[in-house]
Each structure stands twice: as C-alpha cells, then as structure tokens.
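One structure below.
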C-alpha cells in the first residue's frame, strides 16, 4: 500500500515510490523497549515488577520545606500493615469469626489427673491414674487434643504415690512379720 498524494497542487515526484509507514517494530512501543512476555507462570516466583513489600521507610527522614519532598507513601511504616490489610497475626474480623478455638482437652487425661490426685487420700486410685495417664498421652499424640500436661502430671503423681503405697505396704508387712516372729507361741489357756 502506498501513501495518498499530499493535498493541494504540490506533488512529490517520489510519493508513489514510497511505501506506506514501515511496519512497527514489535520490540518497541512508543520508542520504549517492551519487556519480554513471560512463558509458563511459576506461582512461586516473585514478580520482578512488584514494589518491594519489605522496603523500610525512615520515619525520621528530614523534609525539605522549600522542596516539599515527602517520604514515599507507597511503602508501609515499620511495624504497621499496608493500607487495606489487617495487621499481621490477627484474623480478619468478620461476623462469626474470631480467634481460633483451643484444642479440646482429652477426657481421659482429666480422669487420670483426678484419680491421681484422689490417690493422696486413698493411694489405691494412684496407680489407676498413672496407667490412664499413659493411655491418655498416646491418645493425645494420635489425635492432637489438648491435655498433655495433665496426663504427664497424672503419670508423675500416680507413680510417686504408687511407690509410696508400696513402701507403706512393705513397712506394715514387715511389722506384722516381725510381730509374729517375736511373739510367744505358748499360750496360757
């Protein structure tokens, strides 16, 4: 295709020989180079054209009153979330949402702890509390429930009181055996 002749009576002798405007260079847009277009998008690759989200702004930067230069407002202040975002570490505040619920406490851990504590008065429930504490620890490891500290306390208190119970039984048994051995077998009837 050729260019149309210029308006008026003036004619350029070479106008019919000129091609139309040259084809645009695909690597230039408005005289500026076009960045290469990405191929397959890697979702984990950082965007090279995005602003640096970790850039720090000096809050003590001096402002020149004659120039009116201000610190860039596009970068967040240290310790503050950018505009439009919730502070880090807090969930969005929507109705019905809030802080996550703590994990449910294992019921067997509670029972083991109670039985181990009752063992202070009776000493008979202490070994039961210790054994239930071991079972509760296994359940907590498998299910992720809460109460691991209670199960461990039941194990410790239960086995200490069980050891104390064994010592008391041995003491009384030895006292009874000693009393039998030293008693006079002859009776005066």
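No value in this document is a laboratory result; all are computed from the given coordinates. Values in this document were obtained by computation on a predicted structure and should not be read as measured data. Cβ: placed from backbone, ideal geometry, glycine included. Neighbour counts: every protein chain shown.
What shape does the range 107-182 have by the C-alpha gyration tensor, where a ≥ b ≥ c are the square roots of the eigenvalues, rounded means a/c under 1.5, and otherwise prolate means a/b greater than b/c and oblate the rest? Prolate, since a/c reaches 1.5 and a/b exceeds b/c. The modelled label-to-label distance between residue 175 and residue 148, using points 7 Å beyond Cα along the C-beta direction, is 4.3 nm. Placing a label point 7 Å from the Cα of residue 110 along the Cα-to-Cβ direction, the residues of the range 147-168 with a backbone N closer than 18 Å are 147-155.
Full extension of the segment from residue 118 to residue 52, taken as 0.36 nm per residue of separation minus the current Cα-Cα distance, would add 17.7 nm.
Please list 153-166, 170-183 highest first by mean number of surrounding beta-carbon atoms within 10 Å per residue.
153-166, 170-183
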